[in-house]
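The values are calculated or read from the model by the stated rules, or taken from the named source; none is laboratory data. What you see is a predicted model; the values in this text were computed from it and never measured. All Cβ positions, glycine included, derive from the backbone under ideal geometry; neighbour counts span all protein chains shown.
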């Protein structure tokens, strides 16, 4: 694997599977760490079997789900129920900087890899544990999956159409955020290790990740006593701010200040000093009336024409694109948000890329997600 990236030289032993943990370790790999993914014999990571869609010929099918979160990792196969393989894992841990796992609480202790055991094996080890509902408490024992956490974390209660049923986000956001928070915690712990010389345990959870991003929706309840409800494509505290129908499609418009309102209102035939709408507070309270007043003008021209008009006026706006359109976008290409890698079975494949850049250390060259056990000889020897 190629060097490069600010975490170059960091060794991560990755016991995670599914999405939250693999997303965290992929972030570390993208930043330059060497990530050794430890998988069980036969089937490997659960997501190797998640699909369709699968790609590849008979007997060599690969899950696009697995491919999405496992680039730039090495795969070894170990049966942790076998004493010899468990000792091989301990050998990896002794020389690792980071260990990541997302087992249910208690599994690591039963393997003899609880926090005290890990500290004896490697006092400098930073260990990351991602669970569904956190550790301890009345529900810490529960297994966690993304949609369950979206529901129990309240996100579904204020997502979806006005008056509609609770709705999940279109990507597994609880998993992804738990992984992101976990990776952030690992990097912070590695930084602290430079001062103390000691590792420490980092925890993250799907439930905690969702509650942790409530932002202003959380303070609406905690401070103002308002329970957020679904707003559809509207913003609960800014208007106009949402997705609007044009002659040939939808456009997102964000009028996030009074200055922007004064630029926007004349474009849709409204007087910015109209007493019904001359402050954001009034616009939010009369949002349906406002949207009805805007609608005839917006529907009189297509998306691209409105992009031109709004752009000239300095009003933030954007197209509503499908994924095929996103990946054809010149800006996405310019930012390098698609990685082309040579997979040992599939040939060249394209993956969603890494969105962070470093001016001096650079990013490692992305490598393909591994086949099951691909790097056993390299990592374990023999």
Inset, instruction - Identify all residues within the stretch 194-220 that are exposed (fewer than 13 other Cβ atoms within 10 Å of the Cβ) and free of Cβ contacts under 8 Å to residues at least 24 places away in the same chain; write none if there are none. - result: 194, 195, 196, 215, 216, 219
Inset, instruction - Among the candidates 119, 87, single out the residue that is over 25 Å from residue 47 (Cβ atoms), surrounded by fewer than 18 Cβ atoms within 10 Å (Cβ to Cβ) and free of Cβ contacts under 8 Å to residues at least 12 places away in the same chain. - result: 87
Legend entry - Residue count, the stretch 149-184 (criterion: touching a residue at least 24 places away in the same chain (Cβ under 8 Å) and part of a helix (DSSP H, G or I)): 17
Inset, instruction - Go through (1) in contact with a strand residue (DSSP E or B) (Cβ under 9 Å, 6 or more places away or on another chain); (2) free of Cβ contacts under 8 Å to residues at least 12 places away in the same chain one by one and return the number of the condition residue 49 breaks. - result: (2)
Inset, instruction - Look at residue 160 and say whether it is assigned by TED's automatic domain parsing to the domain that holds residue 73, on the phi > 0 side of the Ramachandran plot and surrounded by fewer than 22 Cβ atoms within 10 Å (Cβ to Cβ). - result: yes
Inset, instruction - Please state which one of 21, 9, 57 is more than 15 Å from residue 374 (Cβ to Cβ), surrounded by fewer than 21 Cβ atoms within 10 Å (Cβ to Cβ) and in contact with a strand residue (DSSP E or B) (Cβ under 9 Å, 6 or more places away or on another chain). - result: 9
Legend entry - Conditions (1) in contact with a strand residue (DSSP E or B) (Cβ under 9 Å, 6 or more places away or on another chain); (2) in contact (Cβ under 8 Å) with a residue 60 or more places away in the chain; (3) farther than 17 Å from residue 368 by Cα; number of the one not met by residue 37: (3)
Inset, instruction - Need at least 1 residues that are in contact (Cβ under 8 Å) with a residue 12 or more places away in the chain and loosely packed, with under 15 Cβ neighbours inside 10 Å per element, so show me which helices (runs of 4 or more DSSP H) inside the stretch 237-308 make the cut, counting only ones lying wholly within it. - result: 258-264, 287-298
Inset, instruction - Taking only the stretch 54-76 into account, find how many residues are in a loop (DSSP other than H, G, I, E, B) and over 16 Å from residue 350 (Cβ atoms). - result: 5
Inset, instruction - Quick one: in the stretch 317-328, of everything that is loosely packed, with under 15 Cβ neighbours inside 10 Å and touching a strand residue (DSSP E or B) at 6+ places or on another chain (Cβ under 9 Å), which residue is farthest from residue 271 (Cα to Cα)? - result: 327
Legend entry - residue 22, sole failed condition from (1) touching a residue at least 60 places away in the same chain (Cβ under 8 Å); (2) in a helix (DSSP H, G or I); (3) more than 19 Å from the chain's Cα centre (by Cα): (3)
Inset, instruction - Could you please let me know if residue 28 is touching a residue at least 60 places away in the same chain (Cβ under 8 Å), outside any loop (DSSP other than H, G, I, E, B) and buried (at least 23 other Cβ atoms within 10 Å of the Cβ)? - result: yes
Legend entry - Unique match (being closer than 29 Å to residue 35 by Cα and touching a strand residue (DSSP E or B) at 6+ places or on another chain (Cβ under 9 Å)) among 200, 147: 200
